[in-house]
Amino acid sequence: MFQLFLRARANNYFKARSAVRDTETDHARAASVFRSIEDALDGAKAEQAGLKSRIDDILARAAVTLGNGSDEYLVRDPVDNHYQSLLNTEIANGQRRLNELGVTIGHFQFLRTALITRFPDFKLWTQQVPHER
């Protein structure tokens with residue numbers, strides 16, 4: 001049985017990869033994960049910025065529809081009250097999503113930091129690897 005193992009080694013059935021190739025493989029895997037995290041982070045930040053802009057716009061519009069009189073709500077048409085309620089619901093949903101995005105962005109930033117700290121040489125790698133979009 002032992003002779004079978006010796007013969008396999010002698011016939012070069014098994015050979016470990018070089019350390020350089022191992023490093024390149026590890027780098028490629030870590031870079032793939034890093035790019036995925038960066039893409040998710042960029043997407044979440046873009047969604048957050050766009051949603052914040054839309055919410056600011058709708059808040060300005062809602063303020064106009066409310067009026068500025070202290071008794072405005074007493075003489076407002078029922079249809080206007082209905083639309084005001086719809087706006088309030090949409091604003092609340094938008095603000096809820098903004099809060100969720102803030103938490104999600106924090107999680108992605110944590111993942112990026114964790115990846116870089118677990119792969120100490122990765123800072124050098126990220127400078128060498130072009131970030132494709």
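The values are calculated or read from the model by the stated rules, or taken from the named source; none is laboratory data. Given the structure is predicted, the values throughout are model-derived calculations rather than measurements. With ideal geometry, Cβ positions are generated from the backbone for all residues, glycine too; neighbour counts draw on all protein chains shown. Just so you know, the surface numbers come from the protein's heavy atoms only, side chains and all, with ligands and any DNA or RNA stripped out. Shrake-Rupley method; radii C 1.70, N 1.55, O 1.52, S 1.80 Å.
Okay, residues lined up against (1) at pLDDT 85 or above; (2) on the phi > 0 side of the Ramachandran plot; (3) part of a helix (DSSP H, G or I); (4) over 11 Å from the mean Cα position of the chain (by Cα):
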| position | (1), (2), (3), (4) |
| --- | --- |
| Asn12 | no, yes, no, yes |
| Ala16 | no, no, no, yes |
| Asp22 | yes, no, yes, yes |
| Ala30 | yes, no, yes, yes |
| Val33 | yes, no, yes, yes |
| Lys45 | yes, no, yes, no |
| Gln48 | yes, no, yes, no |
| Leu51 | yes, no, yes, yes |
| Arg54 | yes, no, yes, yes |
(message) Just to be sure I understand the filter: pairs with C-beta atoms under 8 Å, separated by 6 or more residues or on different chains, first member in region 70-83 and at pLDDT 60 or above, second member open to solvent by less than 90 Å² (accessible area, probe 1.4 Å) and among the hydrophobic types (A, V, I, L, M, F, W, C). Which pairs pass?
(response) Glu72/Leu66
